[in-house]
Amino acid sequence: MHTSQPLDALLSRRSQKLVQAPAPDAAQLTQILQAAACAPDHSALRAWRFALIEQADIAALADLAINATRQSGREITPEKEKNMRTWLAQVPLLIALAYKISHDNAKVPEIEQTLSMGAAVMNIQNAIHLLGFASYWSTGLGTYTDVVPEALGFDGLDYRFVGFLAVGTPITTAGPAQRPDVMSFTHVWKPTPARQ
């Protein structure tokens with residue numbers, strides 16, 4: 001099978017914070033979320049959970065997130081609040097990201113559950129890119145408060161909330177990302193010779 005074109009497309013993916021309408025349509029969104037289910041999933045836990053926040057409701061989420069962050073004791077300056085609201089006013093879709101924790105699972109420790117969630121989100125981002133849209137993974141918007149995840153249906157006892165994807169059509173054409181030389185963080189392992 002010839003794979004250079006899909007691989008070239010995959011290698012051109014980059015995060016783009018500034019997106020606008022249109023977002024993927026319902027059929028495209030189903031494909032995008034189906035890509036999450038292709039992630040490695042030890043014991044088929046199917047732990048991935050998503051909540052869709054459409055453009056008409058994003059301002060209400062911003063209000064909730066800003067208030068929850070301030071109530072948690074973290075400062076949001078007026079300038080940061082303005083910038084956040086300006087950014088979100090253009091975003092047509094947010095996907096909230098969480099996974100259901102399999103507590104005390106001797107076979108699948110939580111680190112493996114976390115890795116599966118990360119793989120699922122990456123699959124989503126790749127699918128978004130391959131369909132001609134862009135995404136940006138944000139851990140702002142009250143991700144690390146109790147209030148925001150719970151308001152989205154992810155209580156902190158049973159779910160680990162990992163942020164949001166802002167999804168839409170790129171506002172500007174991004175140039176190629178500056179990627180590191182992969183061999184700078186790769187090595188070939190060789191066994192240590194046995195001592196004589």
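Here, each number is a calculation from the coordinates, and none is a lab measurement. Small disclaimer: the values here were computed from a predicted structure and weren't measured. All Cβ positions, even for glycine, are placed from backbone atoms using ideal geometry, and neighbour counts span all protein chains on display.
Placing a pseudo-label 7 Å from each Cα along the Cα-to-Cβ vector at Asn105 and Ala60 gives an inter-label distance of 3.2 nm. Applied to the range 147-153, the Karplus parametrisation 6.51 cos²θ - 1.76 cosθ + 1.60 on θ = phi - 60° returns per-residue 3J(HN,Hα) values of 5, 5, x, 5, 4, 8, x Hz, with x for Gly and Pro.
Dividing the convex hull volume of the alpha carbon atoms of the range 1-131 by its residue count gives 150 Å³ per residue. So what's the angle, to the nearest 10 degrees on a 0 to 90 scale, between helix 26-36 and the longest Cα principal axis of the chain? Taking the Cα atoms of the chain, the angle to 26-36 is about 40 degrees. The HN-Hα couplings worked out from phi for the range 97-108 by the Karplus form 6.51 cos²θ - 1.76 cosθ + 1.60 (θ = phi - 60°) are 10, 8, 9, 7, 6, 8, 5, 6, 8, 5, 7, 10 Hz, whole numbers, x standing for Gly and Pro. May I ask you to derive the FRET efficiency for Glu81 and Leu52 from their Cβ-Cβ distance with R0 = 25 Å, giving the value to the nearest 0.05? Computed FRET efficiency for Glu81 and Leu52 comes out at 0.55. From least to most packed, judged by other beta carbons within 10 angstrom and beginning with the fewest, Arg49, Arg70 follow the order Arg70, Arg49. Treating each Cα of the range 54-150 as an identical point scatterer and summing with the Debye formula, the log10 of I(q)/I(0) at q = 0.11, 0.17, 0.23, 0.25 Å⁻¹ comes to -0.43, -0.91, -1.22, -1.29.
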